[in-house]
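Chemist: Below is the structure I would like to discuss, written out as structure tokens.
The values are calculated or read from the model by the stated rules, or taken from the named source; none is laboratory data. None of these values were measured; they are calculated from a predicted model. Note that we place each Cβ from the backbone using ideal geometry, even for glycine, and neighbour counts take in every protein chain shown. Each accessible area value is taken on the protein alone, full model and side chains, heavy atoms only, with ligands, DNA and RNA left out. Shrake-Rupley method; radii C 1.70, N 1.55, O 1.52, S 1.80 Å.
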There are 2 protein chains.
Amino acid sequence: MPELPTPHLLIVGGGFAGLWAARALARAPVRITLLDRGNHHLFQPLLYQVATAGLSSPDIAAPLRHILRRQKNVTVLMGEATAVDAEGKRVALADGDALEYDFLLLASGANHAYFGHDDWAAHAPGLKTLDDALLIRRKILSAFERAEASMDEAERRALLTFAIVGGGPTGVELAGTLAEIARHTLKREFRRIDPRHARVLLLEAGPRILSNFPESLSAKAQRQLEKLGVEVRAGSAVTRIDAEGLNLGEDRIATRTVLWAAGVAASPLARSLGVPLDRAGRVRVQPDLSVPGHPQVFVAGDLATLQQDNGKPVPGVAPAAKQMGNHVAATILGRLSGRASQAFRYRDWGNLATIGRRAAIVDLGKLRFSGFLAWSFWLVAHIFFLIGFRNRIVVLLDWAMAYWTYQRNARIIVGRDD
Amino acid sequence: MPELPTPHLLIVGGGFAGLWAARALARAPVRITLLDRGNHHLFQPLLYQVATAGLSSPDIAAPLRHILRRQKNVTVLMGEATAVDAEGKRVALADGDALEYDFLLLASGANHAYFGHDDWAAHAPGLKTLDDALLIRRKILSAFERAEASMDEAERRALLTFAIVGGGPTGVELAGTLAEIARHTLKREFRRIDPRHARVLLLEAGPRILSNFPESLSAKAQRQLEKLGVEVRAGSAVTRIDAEGLNLGEDRIATRTVLWAAGVAASPLARSLGVPLDRAGRVRVQPDLSVPGHPQVFVAGDLATLQQDNGKPVPGVAPAAKQMGNHVAATILGRLSGRASQAFRYRDWGNLATIGRRAAIVDLGKLRFSGFLAWSFWLVAHIFFLIGFRNRIVVLLDWAMAYWTYQRNARIIVGRDD
């Protein structure tokens, strides 16, 4: 598009990487198109709260075009990118149209991966989008409802057994919160069942949960989970999931609710680039986050994989995605004024995981702590990073009420199972 | 069930009629089962606010078992009643089970009716449940998104044309709020379209909108709507609705968003009773709200029709449903102590309709007013009747913010079109 005065940057994905890149270019001589499949930016760290009925969807999401309304160099479009033509500098869309670009940032994130067991997807939903969260919320709440209505003792037990596959941060959050719901939130509301007898299992194939934390903290997290009533089974690889339950090797567990927090895979868009991917489908980016052979194409966030100097990959967490988005913006600005690209360096501020009411672990490198203090630290950090003034107030209010009353305010079943 | 010490009342439907009946029997020697298809009581008067992205689902809904948690004589069950066997005193459920009763209250409400044009349902959703509201929200927000992405001028115009069929209170609320969204909420957020050019049509087959109000108020409402930018067309009967638009007799209007607020029909459950129904499928109840020939079966709320002394039917509004629920509770209590049934009398406190920001009409019989005062009156009345302490605070906060900023906090697209 040589007749256009300013170069055109196309950003695919309005998550942390894409949105932060767009914002960092607010005053740059770049025309930006931000394309996303949905109409909103999602504060993914609190998505498990929607799945467990603590928050409602609008509490943790804001329309992308509202966030960017004052940034006049950005056009937000809702649509789905299906393939990149890196030679022709075009991205094909699902509706048949195509968008041209001078610079491209792919930041469309990751999806659940079932390690070759795609049939498990129907029985064990994962948690990446608001629709996933509403589906999981419906499954959890409906299981208690169906148990109350059931006349069959074995069916009731299966309905009151909840299995979470994957002992990373999401699995731990879901397990801890589910135990809390059963033990406290619902305890006096049923007449035929006692929700406190619900069984919550956290299944991890590796030797310990939260393996990205130091061993001492991961052991503390396990003890906190067990105190909440969660059965933690590390070293337990799931070998089968069906509508009636799951298998752990020889062991069979009857359950009607299996949640998947075990594996993610990059969005299929990466394949169309024709560049090296890792096993999870992530693009192996250059040190400046560009793609080998296509310096004007960048990949950031969960869709990218890059080894740090310490040999470990940059983790798939929100702060890394934001830093990558900012780095791509700086690189594009540099290119426009003829400066050479810099290598991306992940600045690790620390690692947090929350477990439940008053329970969390924090690893700030030298400083490690757990329990109530860690939980308060986590709470403040997450409220602070929530986008939008109203959201912060409403979320705080919801949490304050939930804390004092043990209630969860979004216990509403919407949608239907297919 | 002669071995049970207390008679069993089965209530089908946890709306205003069913819930108020259950509450009124809190201290009565009755065992109550409250059956509902969903898990929540819905504050239906504010449902249009969820459909138009002003409130989120949990703001206007609360789990039935939470509302009734302290009332130990109530068991809440989620399930769907499919047929009544009035001779055998049993209600069949969709899952194959059945529930026996000594007293039965049918209060399962109304559904949209398309007057013999069932194919219109796919193109013109109505507004009765939270799922309906989320579908309408998705349709409205997606229309603006698709208009921004479209390169075709005629398609854009059709996407920015919104038609609401039916000039009753729901149609008026939807039209007024939609005009407000286009004119104010979205005005600076798009780059290729100007949402202020959106066309909002309110189509009413009868001679005037809000025909249950006096003519002077209904004319005032029309002027207020027109000031907000709504085109009101009374005397306009829709003769066709398809995926591309609708016909008003000879007139064709290209639109991608048609909302149905024109007709309701009683739930099919009523037919299985084998008693006289009116044209809309409502049960013609006896003066004490029982069913002819089955004195232990009652019908209340939108599923019932009863002529008042003034010759008009009891209106299908929330206060009437609550009063009917209370009356059925009193009648059952009376029967248990051998007293004769009393005739139900609807106490009409007045009639309110809201139109948009600072616009409403109020008819209290002798006292009639409109505009800002009417809107304030409507706001206070609705906040006051919202169930649950948290909801009131959060809804007030949302509204205060929305009022000052013109923003709507639930502009999140969830779910997918089939």
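Chemist: Using a 7 Å offset from Cα along the direction of the beta-carbon, what are the separations from A:ALA237 to the same position in each other copy, nm, ascending?
Modeler: For A:ALA237, the inter-copy label distances come out at 7.0 nm.
Chemist: Let me ask something additional. Stokes-Einstein diffusion coefficient for segment A:82-143 at 20 °C in a medium of 1.002 mPa s, Rh from the Kirkwood formula over Cα pairs: what value in µm²/s?
Modeler: Diffusion coefficient, whole number: 145 µm²/s.
Chemist: If a/c stays under 1.5 just call it rounded; otherwise compare a/b with b/c (prolate if a/b is bigger, oblate if not). Do that for the protein assembly as shown, with a ≥ b ≥ c from the square roots of the Cα gyration tensor eigenvalues.
Modeler: Note, shape of the protein assembly as shown comes out oblate.
Chemist: Looking at the P(r) of segment A:195-273, how many percent of alpha-carbon pairs lie beyond 19 Å?
Modeler: Of all Cα-Cα pairs in segment A:195-273, 49 percent lie more than 19 Å apart.
Chemist: Hey, in the GNM for chain B with a 10 angstrom Cα cutoff, which one of B:LEU379, B:LEU228, B:LEU203 fluctuates hardest?
Modeler: Between B:LEU379, B:LEU228, B:LEU203, it is B:LEU379 that shows the largest mean-square fluctuation.
Chemist: Rounded, prolate or oblate for segment B:328-368? Axes are the square roots of the Cα gyration tensor eigenvalues, ordered a ≥ b ≥ c, and the cut-off for rounded is a/c under 1.5.
Modeler: prolate
Chemist: Among B:LEU64, B:SER341, A:TYR406, whose Cα sits farthest toward the positive end of the charge dipole of the protein assembly as shown (+1 at Cβ of Lys/Arg, -1 at Cβ of Asp/Glu, about the Cα centre)?
Modeler: The one lying farthest along the dipole's positive direction is A:TYR406.
Chemist: Sticking with this one: Relative to the first principal axis of the alpha-carbon coordinates of chain B, what is the inclination of helix B:215-228, with its axis defined by its Cα atoms, in degrees from 0 to 90 and to the nearest 10?
Modeler: Approximately 50 degrees, to the nearest ten.
Chemist: Between A:PHE372 and B:GLU250, what is the FRET efficiency for a Förster distance of 51 Å, r being their Cβ-Cβ separation, to the nearest 0.05?
Modeler: Result of the calculation: an efficiency of 0.10.
Chemist: Would you be so kind as to list the residues of segment B:59-93 that have their accessible area lowered by at least 50 Å² in the full protein complex compared with their chain by itself (1.4 Å probe)?
Modeler: Residues meeting the cut-off: B:ARG65, B:HIS66, B:LEU77, B:MET78.
Chemist: Output, in nm with one decimal and in ascending order, the distances from the B:PRO287 label point to the matching label points of the other copies (7 Å from Cα along Cα-to-Cβ).
Modeler: Taking the point 7 Å beyond Cα along Cα→Cβ, the inter-copy spacings are 9.3 nm.
Chemist: Turning to a different aspect of this structure: Over chain B, give the accessible area per residue in Å² for a 1.4 Å probe, as an integer.
Modeler: Counting only protein heavy atoms, the per-residue value for chain B is 43 Å².
Chemist: Let me ask another. Considering the dipole of chain B built from charges on the beta carbon (Lys and Arg +1, Asp and Glu -1) around the Cα centre, which of B:THR305, B:PHE377, B:VAL232 is farthest to its positive end?
Modeler: B:PHE377
Chemist: On to the next question. Starting from 0 in steps of 5 Å, tell me what percent of the Cα-Cα pairs of segment A:209-253 lands in each bin.
Modeler: That works out to 5, 20, 20, 17, 18, 15, 4, 1, in percent per bin.
Chemist: I'd like the Kirkwood hydrodynamic radius of segment A:327-418, using the inverse of the mean 1/r over distinct C-alpha pairs, in Å.
Modeler: After inverting the pairwise mean of 1/r, the radius is 16.9 Å.
Chemist: Toward the positive end of the charge dipole of segment B:98-248, about the Cα centre and with charges on Cβ (Lys, Arg +1; Asp, Glu -1), which of B:ILE164, B:LEU203, B:ALA182 goes farthest?
Modeler: B:ALA182
Chemist: Still on this model: Residue by residue, what Karplus-based ³J(HN,Hα) values in Hz, rounded to whole numbers, does segment B:350-360 have, using 6.51, -1.76 and 1.60 with θ = phi - 60° and x for Gly and Pro?
Modeler: Whole-Hz 3J(HN,Hα) from phi for segment B:350-360: x, 9, 10, 9, 9, 10, x, 3, 6, 10, 6.
Chemist: Something else now. Kindly give the distances from B:PRO315 to its copy-mates, label point to label point, with each label point 7 Å from Cα along Cα→Cβ, as nm values to one decimal ordered shortest first.
Modeler: B:PRO315 label point versus its equivalents elsewhere: 5.9 nm.
Chemist: Around B:VAL285, which amide H atoms from residues at least 5 apart in sequence, or from another chain, sit under 5 Å from its own amide H, with H modelled in the peptide plane?
Modeler: It is B:THR305, by chain and number.
Chemist: Would you mind telling me the antiparallel percentage of the DSSP bridges in the protein assembly as shown, rounded to 5?
Modeler: Of the beta bridges lying entirely in the protein assembly as shown, close to 50 percent run antiparallel.
Chemist: Just flag the trypsin sites (Lys or Arg not before Pro) in segment A:121-213 sitting in loop per DSSP whose Cβ has no more than 13 other Cβ atoms within 10 Å.
Modeler: Filter output for segment A:121-213: A:ARG192.
Chemist: Which residue is it, in chain B, that holds its beta carbon closest to the axis of the B-onto-A rotation, and how many whole angstrom away?
Modeler: Here the nearest residue and distance are B:SER56, 2.
Chemist: On to the next question. Report the B-A buried area as the accessible area lost on both sides summed, probe 1.4 Å, in Å² to the nearest 100.
Modeler: 4400 Å²
Chemist: Kindly provide the Kirkwood hydrodynamic radius of segment B:1-148 in Å, to one decimal, from all pairs of distinct alpha carbon atoms.
Modeler: Value: 17.2 Å, from the Cα pair sum.
Chemist: Can you give the Rg/Rh ratio of segment A:252-376, where Rg is from the C-alpha atoms and Rh is the Kirkwood radius?
Modeler: Radius of gyration relative to Kirkwood radius: 1.08.
Chemist: Charges only on Cβ, +1 for Lys and Arg, -1 for Asp and Glu: so what's the dipole of segment B:353-418 about the Cα centre, in debye to the nearest 20?
Modeler: Result for segment B:353-418 is approximately 200 debye, rounded to the nearest 20.
Chemist: Okay, next question. Considering all projection directions equally, how large on average is the shadow of the alpha-carbon convex hull of segment A:281-351, in square nanometres?
Modeler: 4.9 nm²
Chemist: With angles folded into 0 to 90 degrees, how steeply does helix B:372-385 sit against the dominant principal axis of chain B? Use alpha carbons for both and round to 10.
Modeler: Tilt relative to chain B: about 40 degrees.
Chemist: Keeping all protein chains in position, work out how much accessible area A:TRP378 exposes to a 1.4 Å probe, and write it in Å² to the nearest 10.
Modeler: 10 Å²
Chemist: Compute, for chain A, the length of the dipole vector about the Cα centre, with Cβ point charges of +1 (Lys, Arg) and -1 (Asp, Glu) only. Units Debye, rounded to 20.
Modeler: My answer is approximately 1480 debye.
Chemist: Holding the Cα-Cα limit at 24 Å, pick out from A:LYS139/A:LYS187; B:LYS187/B:LYS227; B:LYS72/B:LYS322; A:LYS139/B:LYS72; B:LYS312/B:LYS366; B:LYS227/B:LYS322 the pairs that are longer than that.
Modeler: Violating the 24 Å Cα-Cα cut-off are A:LYS139/B:LYS72; B:LYS227/B:LYS322.
Chemist: So what is the calculated 222 nm ellipticity per residue for the protein assembly as shown, using -39500 (n - 2.57) for each DSSP H run with n of 4 or more, over all residues, to the nearest 500 deg cm²/dmol?
Modeler: The helix-only estimate for the protein assembly as shown comes to -9000 deg cm²/dmol at 222 nm.
Chemist: Return the Rg/Rh ratio of segment A:156-210 with Cα-based radii and a Kirkwood Rh.
Modeler: Taking Rg over the Kirkwood Rh, I get 1.04.
Chemist: Roughly what % of Cα-Cα distances in segment A:98-231 sit above 22 Å, to the whole percent?
Modeler: Roughly 48 percent, once rounded to a whole number.
Chemist: Give me the dipole magnitude in Debye, nearest 20, for segment B:118-262 about the Cα centre, with unit charges on the beta carbon: positive for Lys and Arg, negative for Asp and Glu.
Modeler: About 580 debye.
Chemist: Through the Karplus equation 6.51 cos²θ - 1.76 cosθ + 1.60, θ set to phi - 60°, convert the phi angles of segment A:392-407 into ³J(HN,Hα) values in whole Hz; use x for Gly and Pro.
Modeler: Couplings: 4, 5, 5, 5, 4, 4, 4, 5, 4, 5, 5, 5, 6, 9, 6, 7 Hz.
Chemist: Something else: Please check: in the Gaussian network model of chain A (C-alpha springs, under 10 Å), which one of A:VAL238, A:VAL283, A:VAL84 has the largest mean-square fluctuation.
Modeler: A:VAL238
Chemist: Once fully extended, how much extra length lies between A:ARG392 and A:ARG240, figured as 0.36 nm per residue of separation less the alpha-carbon to alpha-carbon distance?
Modeler: Going from the current span to full extension adds 50.6 nm.
Chemist: Just counting partner chain Cβ atoms within 10 Å, what average do the residues of peptide B:144-155 show around their Cβ?
Modeler: 3
Chemist: Of the GluC sites (Glu not before Pro) in segment A:75-158, which ones lie in a loop per DSSP and count no more than 12 other C-beta atoms within 10 Å?
Modeler: Loop-located and lightly packed - A:GLU87.
Chemist: If you average the sequence gap of Cα pairs under 8 Å that are 6 or more apart and divide by the length of chain B, what percent do you get for the contact order?
Modeler: Result for chain B is 20 percent.
Chemist: Over chain A, what per residue volume does the convex hull of the Cα atoms give, in whole Å³?
Modeler: Hull volume over Cα atoms, normalised by residue count, gives 146 Å³.
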